Each structure stands twice: as C-alpha cells, then as structure tokens.
1. Within the set of pairs 6 or more residues apart or between chains, which connect a residue that is over 30 Å from residue 193 (Cβ atoms) inside region 3-32 to a residue that is surrounded by fewer than 13 Cβ atoms within 10 Å (Cβ to Cβ) and among the polar types (S, T, N, Q) with Cβ atoms less than 7 Å apart?
2. Surrounded by fewer than 20 Cβ atoms within 10 Å (Cβ to Cβ), of a type in the set (D, E, K, R) and assigned to a strand (DSSP E or B) - does that describe any residue in region 244-258?
3. Could you list, in sequence order, the residues of region 125-164 that are farther than 21 Å from residue 191 by Cα, crowded, with 19+ Cβ neighbours inside 10 Å and touching a Ser or Thr at 6+ places or on another chain (Cβ under 6 Å)?
4. In region 106-141, what residues are out of contact with any helix residue (DSSP H, G or I) (no Cβ under 9 Å at 6 or more places or on another chain) and assigned to a strand (DSSP E or B)?
5. Under 9 Å by Cβ, and 6 or more places apart or on different chains, what pairs join a residue from region 168-189 that is at pLDDT below 95 with one that is surrounded by 14 or more Cβ atoms within 10 Å (Cβ to Cβ)?
6. Just to be sure I understand the filter: pairs with C-beta atoms under 8 Å, separated by 6 or more residues or on different chains, first member in region 83-98 and touching a residue at least 40 places away in the same chain (Cβ under 8 Å) and over 21 Å from residue 146 (Cβ atoms), second member among the polar types (S, T, N, Q) and surrounded by fewer than 22 Cβ atoms within 10 Å (Cβ to Cβ). Which pairs pass?
7. Given the structure, is residue 153 hydrophobic (A, V, I, L, M, F, W, C) and within 23 Å of residue 194 (Cβ to Cβ)?
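The values are calculated or read from the model by the stated rules, or taken from the named source; none is laboratory data. Just so you know, these numbers come straight off a predicted model, no measurement behind them. Cβ: placed from backbone, ideal geometry, glycine included. Neighbour counts: every protein chain shown.
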Amino acid sequence: MYTVKSLVDSYQKSKKVEGAKKLTFTGVGDRDVYNITAPFENNGQMVIAGRVEARDTEHSEVVFFTEVEQVWTPIKGSKSFELQDPFITHIDDLLVFGGVETFPHPENEDALSWRTAFYKGVDLNSLEHFTVGPDGMKDIRLLQLEDGRIGVFTRPQGDRGGRGKIGFTIINHLDELQAELIEAAPLIQDHFAEDEWGGANEIHLLTNGDIGVLGHIACFDQEGNRHYYPMTFLYEPETNEIKNMEIIATRDDFPEGPAKRPDLQDILFSGGLLRFENGQADLYVGVSDAEAHKVILPDPFAKYERTGMTK
C-alpha cells in the first residue's frame, strides 16, 4: 500500500529537480491558466491546452496556445471548449482530446456534477465529440498498446473507489469507449490508502512495452487543506499491479505564487511529461489551481527502458 507520507519522505531524500519556472500566457484577460497539458504537435506547431478561468469561479474553458517569444498565446481561429483539466493522446493516427464537463446535479439544484468528454480528429480543427464517461468520473485516460488495442485507465469513487482509485480495462476500438464499460473496469490491486486518493493523468508506452503512468496522489490534512503530488508508476496488465510508485516533485520545488483558495496552496496537478533522449524530462503541472509551471527532472521512466533493468 502506497501512502502520501512514505512517498514524500522517499522523495525528499533524493529530489533532483531543477529549473522550475512559471509559464507565461496571454490573450485570456485577467483569467488564470492552469492544469495544462505538456506541449504536443499539431500540424507542425507545438501546442499546449490549458484550463482557463477566473480566480473566483470554476466555470472554465480549455484554450489551445502556441509559444511566441516565450509567451504562450491562443492559436488564432482555434476553437475553445467549455471543459476543465484537458488531456490529449493519439489513437489510430487520430488526435484524441478530452476534459471534464460540468452540468447541473440531478438531485441537488445548488450543486454541479461532472463527467469526462472525449473528442477526436486528425487535428485540432477537426475535433468532434464522440463519447462521454460515467457521471461523476474524472481522470479517464487512454493508451494505444503494442498490439493496437486501447488501454483505458479509470477513476471510480464512492462504493467502489472511495475518494478515488484507479481501474483498468482494454478495448479494441474507440467506438467501444462507452460509459457503461468504463464504469465496469476492474480496480487495480491495492494502491492508495482509504483516506487518500489519486488518478492517472498521462500514459506512456515505453520502448520495452511497459506501461508508464504519470498521475497524482492526494490527501487532506487535519485542517482540511488539500495536498496533491505528481507521481509515476509502472502498470502490469498481466498481474493487474502497480509497481514502483514514486513522487517526482513537490510544491516547494516551484516559485511561490497565488492559490485559488487557501486550502489549495499545496497543489501540483500533473499535466504531462516531455521525455528527452538525454535521460531528462520536462514535467508540466498546474500549481495551486492558479498557475502553470514546468520543471526539469530525471526521466522517471528511462530506467525501465535500459538493458538489464528490472521492475
């Protein structure tokens, strides 16, 4: 069983991050940009998708940005989406994009519910909605496996998942990605303590066929403040096990800055990893639900791809 305390203690003994900095965005007025993706290529242009919203609300839109002279600027003519927490992947030569959409709670008129919405297209300009996940579920992520099938990571809560645990299933085609199948995905064997939670944020197919997961693990403290940490692990579908979970950054690795609320100061929400051949990686994160930063660190998955390394 992995716990926040044990993982943080291990990280503090060996932290190796450097060059943390806030990313600069323009073209969104006085709204914040956070919970970004890592940069990805679209028609020869490097793009970041970011959650954009005012400090005093959670009504957000996802905007696509490109970098101009070290400033990330909205792409002219690009559509925005009324979603939170964007993510992207590639399946069958298609760009698959998604995020969390909110809607009126069916039983409490003063509350909102949420679900994950999925879009696909050959590029950003051709994205079309094709399915949604179960009501109340965030952090659904996809990965095309070596044999062409699609791995689906889920995050049920409540009776099955408590505050939030990770499930996994495999489908053959994107048209099989339906809420009922996602809801029924088996949970991965024990991984989070009962009063803690987490989820998958970005999935990497490693060169040796292993599945590397960038995610987050989180908890409350005694005062009710939230604490979120970027973490990675290997997932083995054959045994349905998580291996070698580790925290890869903490809030104090980054410059000080504002928070959306006082209880959200210690929040790092994993956005994505850019991995490089020199064994380093850039980690992109949302910070304190108010900013977007990146930091350089040792590629957390490289050690599993080297000849002779074992799990």
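1. The qualifying pairs are 24/70.
2. yes
3. Answer for region 125-164, where residues must be farther than 21 Å from residue 191 by Cα, crowded, with 19+ Cβ neighbours inside 10 Å and touching a Ser or Thr at 6+ places or on another chain (Cβ under 6 Å): just 133.
4. Correct list: 112, 113, 114, 117, 119, 121, 128, 129, 141.
5. 189/241; 189/242
6. Correct list of pairs: 84/102.
7. yes
Conditions (1) β-branched (Val, Ile, Thr); (2) under 22 Å from residue 14 (Cβ atoms); (3) at pLDDT 95 or above; (4) touching a Gly at 6+ places or on another chain (Cβ under 7 Å), marked per residue:
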position	(1), (2), (3), (4)
205	no, no, yes, no
211	yes, no, yes, yes
227	no, yes, yes, no
246	no, yes, yes, no
291	no, no, yes, yes
297	no, yes, yes, no
303	no, yes, no, no
